Structure formats: structure tokens, C-alpha cells
1. Which pairs in the list Lys55/Lys122; Lys122/Lys159; Lys159/Lys198 are over 27 Å apart, alpha-carbon to alpha-carbon?
2. Could you give each residue of the range 92-105 its phi-based ³J(HN,Hα) in whole Hz, using Karplus coefficients 6.51, -1.76, 1.60 with θ = phi - 60°, and x for Gly or Pro?
3. Accessible area, 1.4 Å probe, largest first: how do Lys55, Lys122 sort?
4. If I stretch the segment between Arg62 and Arg97 completely, what's the gain in nm (0.36 nm per residue apart, minus their alpha carbon distance), one decimal?
5. Tell me, what is the percent relative contact order of the range 193-240, built from C-alpha pairs under 8 Å that lie six or more residues apart?
6. Convex hull over the alpha-carbon atoms of the chain: what's its volume per residue in Å³?
7. Using a 1.4 angstrom probe, figure out how much accessible area the chain has per residue, in square angstrom, rounded to the nearest whole.
8. Let me check something: with ligands and nucleic acids excluded, how do Lys198, Lys90 order by accessible area (1.4 Å probe), largest to smallest?
Amino acid sequence: MDGRTWRTAGAGRRCNWLIHPMKTALLFDLDGTLIDSDSIHSQVFSDLFAPRGVKIDFDYYRTMLHGRLNFDIFSDLCPGEDAQWWSDHKEAEYRRRLGPGHPPIAGISALLDLADEMGWAKGVVTNAPRENGEAVLVALGIADRFETLVIGDECANGKPAPDPYLEGLRRLGADAAVSLAFEDSPPGIRSAVGAKLKTIGIRSMLDDETLRAAGAAATIADFADPALAEHLEQLRRAAA
């Protein structure tokens, strides 16, 4: 189809064909996608566990923790302890270190401007706690650019389950067939692809091969990457 759905209405011999445009949306992960925050997260984990004699370096963070739900992480790292307390403590420290005026990933402002020009809806879908999501968007100066913020912990299942992206589509009234998702981690990519979204991987920490292996249709360095233009043009044509 060309970005439209059809249905019949009427009674008897009369049949009225109605055209209903499918709404387009851009859905973004948060950490590593809108903000380069992984070095902060990694350092917080390292500092929390160093007193226990547990070494968490950036490579461990990248391969074992990146993209996962905090509750699952701390259930594994702190068996028998209050995983929710650890999660809350870790994220409070992250927000303290984040500070105001943090730069967003390159090119995001221009992409959001294009979405506004095209009438595309915009949402953020993250496994981060709500306090983090709100704090990060304020720190980046783009909190008012999105119509919704979906939190994985507030869904039946967080990423890598498709629930958060399905919820984002539902809130925006958007159709996955004419929408795009942007993700930087394998769990996030699997979540978006599971919701039938074409997903563009952001190479903020992982390489093209790793992101494509998780299901990304393509990868870009950031939103200023010229390779993104092709996918935006395909989206524009599909949604026309």
C-alpha cells in the first residue's frame, strides 16, 4: 500500500470507499541514541561495585549491562538483595552526574525539525526510569519536542519485549508500516523489530555488524550521517 488503508461503509447496494491515512512516527531510544551517556552509566556501575571488589570496566558494561533493565542487572549482580533499591540508588547517582546542558547526539535537532515539517509524530521509548527520561530530555533541551515518553518498567514487559514500542505506536496513533525506530542496543533493536518497526541502529557504542545481527535494517553514526537521508526519503514516499 502507499501509506493508506481502505475500508467499506454503507448498506444495501451502496458501498462507500473511505481513505484513512496511516500516521507516521519516529520513535527514539534514549541512552546512546539521543544522548551519549554510556560513559557516565559505566562509571557509576564501576564506582558502586568497586568497594565490593567487583571490577566493572567499560567493556563489561558494553557487553553485559548495556540495554538491560536495571532490575534484572541488580538481581544478577546482587543476589538476595533489594534489586529495586540498587536500581534507584544507581539512577539517582547517574542523574546527579548528568548535570544540565548536556549535548544531544549530533543531528537530532534537524531531524526533529523535519518531522515537524512532515507532520510525523515523535516519541521516546526507553528502559530508563521515568525520572531519568524526563531529566535527560530537559538536560538536552528537547523535552518539548516529543509527544510521549514510554517507560519500559511501566509496560507489561520492558525491552527486549516489543511491548514498549507497541505502546509508543498506540499512544501516537501511528502505524509501524510507515514509521521508524532508532536504537543503539541489541535488546532495544529486538524490541522495536518485534513491534514490526523498521529500525535504524545508532553506532554510538556497537558496530554495524553487531547492530545488524540484532535486526537493524541499517546503521548510522549519528543523525547527521548522510546515510540516514535514504531511509527518510523511503519513509516520506511510504507515508505519502
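1. Working: Lys55/Lys122 39 Å; Lys122/Lys159 19 Å; Lys159/Lys198 16 Å.
As for pairs spanning more than 27 Å Cα to Cα, those are Lys55/Lys122.
2. With the stated coefficients, the range 92-105 comes to 5, 5, 4, 5, 4, 7, 4, x, x, x, 6, x, x, 4 Hz.
3. On the way: Lys55 165, Lys122 10 Å².
Largest accessible area first, the list is Lys55, Lys122.
4. Values: separation 35, 0.36 × 35 = 12.60 nm, distance 1.94 nm.
That pair, Arg62 and Arg97, stretches by 10.7 nm at full extension.
5. Working: 40 pairs, mean separation 15.1, N = 48.
Contact order relative to length: 32 percent.
6. Details: hull volume 31.6 nm³, N = 240.
Per residue, the Cα convex hull of the chain comes to 131 Å³.
7. On the way: 11330 Å² over 240 residues.
That works out to 47 Å² for each residue.
8. Working: Lys198 65, Lys90 5 Å².
Heavy-atom accessible area, descending, gives Lys198, Lys90.
The values are calculated or read from the model by the stated rules, or taken from the named source; none is laboratory data. Fair warning: this is a prediction, and the values are worked out from it, not measured in the lab. No Cβ is skipped: glycine too gets one built from the backbone with ideal geometry, and neighbour counts run over all protein chains shown. Heavy atoms of the whole protein, side chains included, go into the accessibility calculation; ligands, DNA and RNA do not. Shrake-Rupley method; radii C 1.70, N 1.55, O 1.52, S 1.80 Å.
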